[in-house]
Structure formats: C-alpha cells, structure tokens
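The values are calculated or read from the model by the stated rules, or taken from the named source; none is laboratory data. Note that the structure is predicted; figures quoted are calculated from it, not measured. Note that each Cβ is placed from the backbone with ideal geometry, even for glycine, and that neighbours are counted across all protein chains shown.
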Amino acid sequence: MAGPLQPVREALSEALATSLEGPVAEGTPRCVHGAVQLPGKVTALLGVRRAGKTTFLHQLRRERLARGVPQVLVPYVNFEDERLAGLEGSQLGFLLDEYGRRAPEAARLGPVLWCFDEIQNVPGWERFVRRLLDGGRAEIMVTGSSAALLSREIGTALRGRAWSVVLYPFSFAEALAHRGAEVPTDPGLLAGPERSRLEHAFLAWLEVGGFPEVQALDAASRRQLLRDYVDVAMLRDVLERHGVSNIVALRWLVRHLLANAASPFSVEKFHRMLKSQGIAVSRDTLHYFLGYLEDCFLVRTVWMEADSERQRMVNPRKVYPVDPGFIPLFDRTGRTNVGHALETAVLIELERRRCEVTYVRTPEGYEVDFLARAPDGTQHLIQVCADASDPDTAARALRALREAGARWPRARRWLLTLTQDRTPPDPPEDVACWPAYRWMLADKVTS
C-alpha cells in the first residue's frame with residue numbers, strides 16, 4: 001500500500017489511533033430487541049442512513065469500557081471517511097499490521113471487538129472480515145445502510161457466519177429519553193395531567209419522527225434535513241449502488257410512496273399512471289426500484305396474508321416509510337395524516353420487535369392492518385384506528401378483528417388508538433383497546 005495510496009494508509013492509521021486513544025462518543029442509549037451478538041458470527045448492524053448505527057457502535061464500546069475492558073480492545077473505523085476513498089479489501093491487511101504495532105499487548109488482554117462502520121464502501125471487504133473471524137479471538141460488528149450487505153456480500157464469503165440486527169430511528173421510548181423525559185413503566189396508571197403530557201409528547205413524536213438529528217430542530221429545518229436524507233438514500237444507496245439511470249421514474253416512485261403511507265400499492269397501476277404522464281419505464285424496472293428502496297430501508301412493505309404464493313403476489317402490498325416524519329414531506333393534500341403516521345409507527349415498532357408482519361383481508365371483505373408473528377411464536381391481530389370513540393367506527397374496527405380472529409383463534413386481538421379518550425367507550429373483553437403509546441412502551445408485544 002504505497003505510492004498514490006499513501007494518503008489512504010495515513011488516514012487509516014489516524015482513524016485507528018483515534019479510536020484506541022481518543023474519547024468514545026456518547027449518545028442516547030438505544031434498545032435492540034433480541035441478541036446483538038452471537039458467538040462465532042459477524043454482526044451486521046443494518047438500517048436506514050442517519051438512524052444512529054454509529055452511535056450504537058459507540059454505545060457497545062462504552063459498555064465494554066464500563067466493564068473494565070481496555071480501550072485498545074474496542075477499535076473502531078468509519079469507512080465513510082472521504083480520505084479512505086479508493087481503499088480495497090485486499091489492502092485492509094495493513095489495518096491489522098498497524099493495530100499490532102499500536103497495541104502489542106492486545107493479544108494477552110482478551111478478545112478484540114472490531115467495529116467497522118459502513119464497511120460496504122470497501123470492495124472485497126467480506127474476505128478480509130472472514131479472515132479476521134477465522135483467526136479467532138475477534139468479535140466483529142459491521143454496519144451498512146443496505147440489506148444487501150447481509151444477503152449478497154456477506155452471503156458469499158460468510159455464509160452461515162453472519163447475524164443481522166436492524167436499527168430503526170428512535171422509538172417513542174427512546175425519543176422520550178433523548179429529551180430527558182421520564183419513561184413511565186405503566187402508562188395505563190398515569191393520572192390526567194401526566195397522561196396529557198405523555199400524549200402531547202406522543203403526538204409531537206408522530207409529527208417529528210424518530211431520526212436523532214431532527215429532534216430539536218424547528219419545522220423548516222427538520223423538513224429540509226429529512227428531504228436531504230431521502231436524497232442521499234436515493235443517490236448513495238440506489239443510484240450509485242445499483243447503477244440506476246432512470247432518475248425521473250425513481251423520484252416519482254419515491255414521492256408517491258412517501259406521500260401515500262399505509263396505502264395499497266400496485267406496480268401495474270403505478271406503471272399506467274407514469275405512462276399517462278409520458279414517463280417511459282418498464283414494469284420490471286419499477287419492481288427493481290421498489291426492491292432497492294426496501295433494501296436501503298427507506299420504505300417497508302407489508303404483503304397480504306395468503307395461503308399460497310400466487311395469492312400473495314396478485315394482491316397489492318401496503319407500503320410505509322421507515323419513519324412517520326417522512327410522511328408530510330411529499331403530501332400535497334393538506335391532511336394532518338395522523339392516522340397514517342400512527343399506523344406507520346405501529347408497523348415500525350413491530351419490525352423493531354422482530355415480528356413477521358402481514359395484513360389480513362377476510363372473506364367478508366374486512367381488513368385488519370397487521371397480523372404479527374412474534375419471535376416467541378405468539379400471534380397478534382392489530383387494528384390501528386386513530387379515533388375509535390365513535391360507536392360506528394369502533395364497530396367496524398372490532399368486526400374486522402372478530403372476523404379475522406375466527407381464522408386465527410390463537411392470536412391476541414388489539415385495537416390501538418391515538419389517545420386514551422379515543423378508545424371505544426365499551427370495549428369487548430377479548431380485545432385489548434389501548435392507546436398506541438401504552439402498547440409501544442410495553443416491553444413485549446405480549447404485554
């Protein structure tokens with residue numbers, strides 16, 4: 001690694017030295033459901049850009065330091081450093097040589113937790129990581145803003161040796177903690193004034209969203225920063241990564257999906273709409289685009305629950321942004337969209353809890369927003385209704401749950417509303433009618 005690459009080598013050496021000797025960045029503690037690391041496996045920490053993956057790596061490093069682990073055993077390198085442009089996986093061996101020179105005592109102190117941020121920027125990185133893992137006495141965390149980091153790159157060289165963890169923008173509990181507000185252990189027991197303050201914070205979180213950097217910004221600055229997030233995701237994770245050339249069609253798709261959160265989406269119908277606007281793009285290309293946007297976690301899709309793959313494929317998916325803060329950016333109707341924001345927030349919370357999620361359409365034509373299968377095997381039918389205080393509205397929502405419950409009798413039934421005073425006035429005993437914030441602050445879906 002010499003000649004023209006000497007500056008890259010110096011930058012890599014400097015980054016390593018800083019991580020071994022400098023202060024470890026702090027941030028709001030994040031909660032990840034389930035195991036973060038498994039013995040003998042590389043953990044791929046995935047998620048949309050700016051969700052806080054870097055902060056979470058430093059959180060893991062600080063936890064090690066708090067247990068008395070020397071800082072030389074928790075090295076960190078951020079490969080988004082522009083000075084590392086041009087670095088290739090075959091040249092990463094220098095990093096180990098430099099580490100051995102700077103921390104010769106590491107071999108006798110214990111295993112090393114290597115934290116590699118956005119390592120997907122280095123072509124061939126997975127072979128280096130495999131070699132490091134095979135060498136023993138190393139734990140490895142890698143981050144990326146693309147699900148393909150696990151499915152493609154890791155899959156080729158680390159098949160069976162990878163463990164994926166997805167980090168989302170702040171949950172409601174994390175947003176409260178970020179503001180220094182108390183997180184109640186049981187919101188259902190709060191008195192009127194305390195509940196009002198919590199509900200006000202919940203409404204604000206639905207509007208602002210969970211990205212850490214936007215929490216304290218004014219509305220104009222927040223919207224601009226969120227638009228920048230969308231643009232960067234399209235540029236770095238779609239256009240550059242996948243070589244997309246039809247930028248016009250991609251932008252139309254992104255605007256449509258973010259402006260119509262929680263709505264059914266059909267590639268066929270969208271293709272016809274683009275054609276009527278004189279925008280040339282094939283259906284296959286639109287399918288690819290949607291996959292790319294899912295891959296970079298900008299949107300999440302929910303399939304209809306079906307007994308066969310064919311039945312699943314012929315029905316439209318429901319598409320959601322990864323964060324409710326994106327919803328107002330492209331909406332032109334003037335609606336507050338609190339219902340769509342609430343439904344989006346519930347879906348992301350289910351994904352955060354590692355549930356498998358579909359939506360249900362009963363033979364009678366009723367729809368339940370989510371059928372969630374939790375990691376512990378329990379099932380949950382969840383209907384999201386911003387305001388179910390009206391008897392007719394509540395009756396429709398509860399009937400859908402009743403019809404779906406006949407098919408999934410083991411599933412617990414939920415009706416989640418915006419606030420406590422918007423729950424049904426006389427809820428049935430077999431349906432948990434809660435304000436969504438109470439459900440979100442519960443430790444488990446089964447609470």
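Remarks
- The listed residues are LEU60, LEU45, LEU38, and the only one of them that is under 30 Å from ILE348 (Cα atoms), surrounded by fewer than 15 Cβ atoms within 10 Å (Cβ to Cβ) and hydrophobic (A, V, I, L, M, F, W, C) turns out to be LEU38.
- Residue count, the stretch 60-103 (criterion: modelled with pLDDT of 95 or more, of a type outside the set (A, V, I, L, M, F, W, C) and assigned to a loop (DSSP other than H, G, I, E, B)): 4
- Condition check for SER146 on (1) assigned to a loop (DSSP other than H, G, I, E, B); (2) free of Cβ contacts under 8 Å to residues at least 40 places away in the same chain: one failure, at (2).
- Considering (1) at pLDDT below 95; (2) in a loop (DSSP other than H, G, I, E, B); (3) under 23 Å from LEU342 (Cβ atoms), the lone condition that GLU194 does not fulfil carries the number (2).
- Residue match in the stretch 217-225 (condition: more than 21 Å from PHE297 (Cβ to Cβ) and either among the charged types (D, E, K, R) or in contact with a strand residue (DSSP E or B) (Cβ under 7 Å, 6 or more places away or on another chain) (or both)): yes
- Test result for ALA249, of a type in the set (A, V, I, L, M, F, W, C) and modelled with pLDDT under 95: no
- The stretch 91-104, residues that are over 16 Å from SER19 (Cα atoms) and surrounded by fewer than 14 Cβ atoms within 10 Å (Cβ to Cβ): GLY93
- Selected residue (only one of GLY110, GLY144, GLY160 is under 24 Å from the mean Cα position of the chain (by Cα) and surrounded by fewer than 18 Cβ atoms within 10 Å (Cβ to Cβ)): GLY160
- Contact annotation: residue pairs with Cβ atoms under 7 Å, 6 or more positions apart or on different chains, pairing a residue in the stretch 124-139 that is in the same structural domain as VAL69 (by TED's automatic domain parsing) with a partner that is assigned to a loop (DSSP other than H, G, I, E, B) and surrounded by fewer than 14 Cβ atoms within 10 Å (Cβ to Cβ), are ARG137/PRO111; ALA138/PRO111; GLU139/PRO111.
- Restricted to the stretch 271-287, and to residues there that are surrounded by 14 or more Cβ atoms within 10 Å (Cβ to Cβ) and assigned to a helix (DSSP H, G or I), the residue that is nearest to the chain's Cα centre (by Cα) is LEU286.
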